[in-house]
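Inspection log for the structure reproduced underneath, given as structure tokens.
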Amino acid sequence: MANLIDGKAVSAKVKAEVRDEAAKLKEQGISIGLAVVIVGNNPASRVYVNSKKKACEEVGFNSYEYALDENITQQELLDLIDVLNNDDKVNGILVQLPLPKHIDENAIINAISPDKDVDAFHPYNVGKIMIGEFSFLPCTPAGVMELIDSTGVNISGKSAVVIGRSNIVGKPMSMLLLHRNATVTICHSRTTNLLEICNAADIIVAAVGKANFVTGDMVKEGAIVIDVGINRLENGKLCGDVDFEAVSKKAGYITPVPGGVGPMTIAMLMKNTLTAAKLKANIK
Ligand code: NAD
């Protein structure tokens, strides 16, 4: 039976470290602020935004919410980003995605100042990740790395498979594993020999968005299996991309859903916001 990787415990540790550092900065007169922008009434986005605001409270950051009408124009949103880019109280800017269809998400991401881009979605920060000179790491992949590290297993030289190639999860995930000297294979919707590739993997990160996609026969005995997926079943329950019941019988380590990667994403957002404040204050 696999060891369970407890995302709640690991995220609590990361947040406690952030809170301690934030408290020290406060003693030096430095307050930390995160601006959270939400457009429209997407219920899932509202849940995420509320969790991010709550996390800010936990670590002692100020959070500034901008809840905008669904029909706001792209220019109005760009104008707000411009104000936030120039607001000294704001260290990090988070625009909750997805945005309504009439707004070009890339135009908005590109408008965020790279040094306040705590999601690490701006092409400048994406490029820095590619060359390994990053200040901010994308929150979900960075959280996955913390979870893998929490097992104590050395990533170097391991065979790692990332299923999914999105800009938010799959691609940066692969890059972070590569920086840590894993031999990385990226699988996607056109991959033909997924079973064979996964069977050889020491580490599998599933970011597909399909319930029970990773089955027991895909996993090698003792492998680390990280489940990024969030899927809602017909009965309303949340589940990941991994068939937990079958895979946990073979894996060495596995993350649950919920309680695995999800809490880490928010913890890493807090860490990035702290980093932004330290960079601004020239503190290493
Ligand atoms: P996405 O839809 O952008 O990407 C899905 C990827 O899966 C694609 O790259 C596609 O090529 C791949 N894929 C689809 N079918 C496949 C198949 N048959 N074989 C192999 N690969 C296949 O999704 P995303 O934004 O990367 O998110 C993936 C999942 O992770 C979703 O469930 C999302 O909700 C979840 N997610 C969770 C967190 C978190 O904090 N836990 C954060 C971001 C995303």
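The values are calculated or read from the model by the stated rules, or taken from the named source; none is laboratory data. All figures in this text were calculated on a predicted structure; none of them were measured in a lab. For neighbour counting, all protein chains shown are included, and Cβ atoms are generated from backbone atoms with ideal geometry for every residue, glycine included.
Scanning region 104-115 for residues that are touching a strand residue (DSSP E or B) at 6+ places or on another chain (Cβ under 8 Å) and crowded, with 19+ Cβ neighbours inside 10 Å yields ILE108, ILE109, ILE112. Within region 65-93, being aliphatic (A, V, I, L, M) and either within 23 Å of ALA277 (Cα to Cα) or surrounded by fewer than 15 Cβ atoms within 10 Å (Cβ to Cβ) (or both) holds for ALA67, LEU78, LEU80, ILE81, VAL83, LEU84, VAL90, ILE93. Considering each residue of region 94-103 in turn, at least one proves to be surrounded by 13 or more Cβ atoms within 10 Å (Cβ to Cβ), aliphatic (A, V, I, L, M), more than 22 Å from the chain's Cα centre (by Cα) and on the phi < 0 side of the Ramachandran plot.
Residue by residue, here is whether (1) more than 22 Å from the chain's Cα centre (by Cα); (2) more than 27 Å from PHE134 (Cβ to Cβ); (3) at pLDDT 95 or above; (4) hydrophobic (A, V, I, L, M, F, W, C) holds:
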| residue | (1), (2), (3), (4) |
| --- | --- |
| MET173 | no, no, yes, yes |
| GLY209 | no, no, yes, no |
| ILE224 | no, no, yes, yes |
| GLU234 | yes, yes, no, no |
| LEU238 | no, yes, no, yes |
| PRO263 | no, no, yes, no |
| ILE266 | no, no, yes, yes |
| THR273 | no, no, yes, no |
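Suppose we filter region 120-134 for residues that are in contact with a helix residue (DSSP H, G or I) (Cβ under 6 Å, 6 or more places away or on another chain), modelled with pLDDT under 95 and at negative phi; how many remain? Residues that pass the stated criteria total 1.
Checked against (1) over 24 Å from THR255 (Cα atoms); (2) without any contact (Cβ under 8 Å) to a residue 60 or more places away in the chain; (3) crowded, with 18+ Cβ neighbours inside 10 Å, VAL118 meets all criteria but (2). Scanning region 122-142 for residues that are within 16 Å of the ligand (Cβ to nearest atom), part of a loop (DSSP other than H, G, I, E, B) and of a type in the set (A, V, I, L, M, F, W, C) yields PHE136, LEU137.
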